[in-house]
Structures are given as structure tokens and as C-alpha cells.
Amino acid sequence: MVANRISGEDAKQSFELFSRHEPPFLAEIGGEIRPALFEDRPRANIQETFNKFYNCVVQYDLVDQWTVKDGPFDFDYSWLAPRHPAPAVKTWADRHFRQIWGVSVDDFRILNA
């Protein structure tokens, strides 16, 4: 649509259509994923949705590691929070894991095959 240089009412309608379909989360240049802020939506709601969504993504990954993969848990979520040190990410992920499953990831013992 940009190539056709739309203007006036068509441009307004195009912008409104684009705005309704903006992604809720965006990657910054440094790689960190952040919630997109929308003027017509409360910031607290956007942040809460972001936190819940990515907590579920991380929990899904940890359950996948628990049930399918061999070896210790891998807490490399640098794609989500590259500025946060790995120990802090592990603490955050383990806190939520413990809330859901009632055990810490550190409670597991790796058994030799």
C-alpha cells in the first residue's frame, strides 16, 4: 500500500487496520523481547499479559526438558531476557515452576541410564 502512496480516508483506514493487528510483543535491537505499548490499553494490563505469556512459554520448555530430554535443566532464555544474568533467570523460572508443580528444579536427581 505504501508503494501506491495512499492518502486521505484510505490512509486512515489502512492505519486503523494495521493498528488492530500490531504484534503484542516486539524484539528490541539488542534482542530483548518487550511488550508493545498501546495508547488505548492500560500499561499494567499489557505488562501482565506479557509476563503471563512468557512465563507459560518458559514453563512449557521446562516441562519439555523434564519429560523428554536427558540431562540437567537448561535455563538459557537469553532470547527472552539477554540483559538478565542466567542465575536471575533460573531463580525466576524455578519460582514459577515450584508454584505450579510443588517442587524445585533443583530437587531432581539425574539418574544414569
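The values are calculated or read from the model by the stated rules, or taken from the named source; none is laboratory data. Values in this document were obtained by computation on a predicted structure and should not be read as measured data. As a convention, Cβ positions derive from the backbone with ideal geometry for all residues, glycine included, and neighbour counts pool all protein chains shown.
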Pair list, Cβ under 7 Å, 6 or more apart: the stretch 37-52 residue surrounded by 10 or more Cβ atoms within 10 Å (Cβ to Cβ), other residue in a helix (DSSP H, G or I): L37/R43; L37/I46; F38/I46
What tally of residues in the stretch 48-98 results from selecting those that are out of contact with any Gly (no Cβ under 6 Å at 6 or more places or on another chain) and assigned to a loop (DSSP other than H, G, I, E, B)? 16
Filter the stretch 28-47 for residues that are of a type in the set (A, V, I, L, M) and either more than 10 Å from the chain's Cα centre (by Cα) or assigned to a helix (DSSP H, G or I) (or both); the one that is farthest from L80 (Cα to Cα) is A44
Which residue pairs have Cβ atoms closer than 8 Å, lie 6 or more positions apart in sequence or on different chains, and pair a first residue in the stretch 10-34 that is β-branched (V, I, T) and modelled with pLDDT of 75 or more with a second residue that is in a loop (DSSP other than H, G, I, E, B) and surrounded by 10 or more Cβ atoms within 10 Å (Cβ to Cβ)? I33/W79; I33/L80; I33/A81
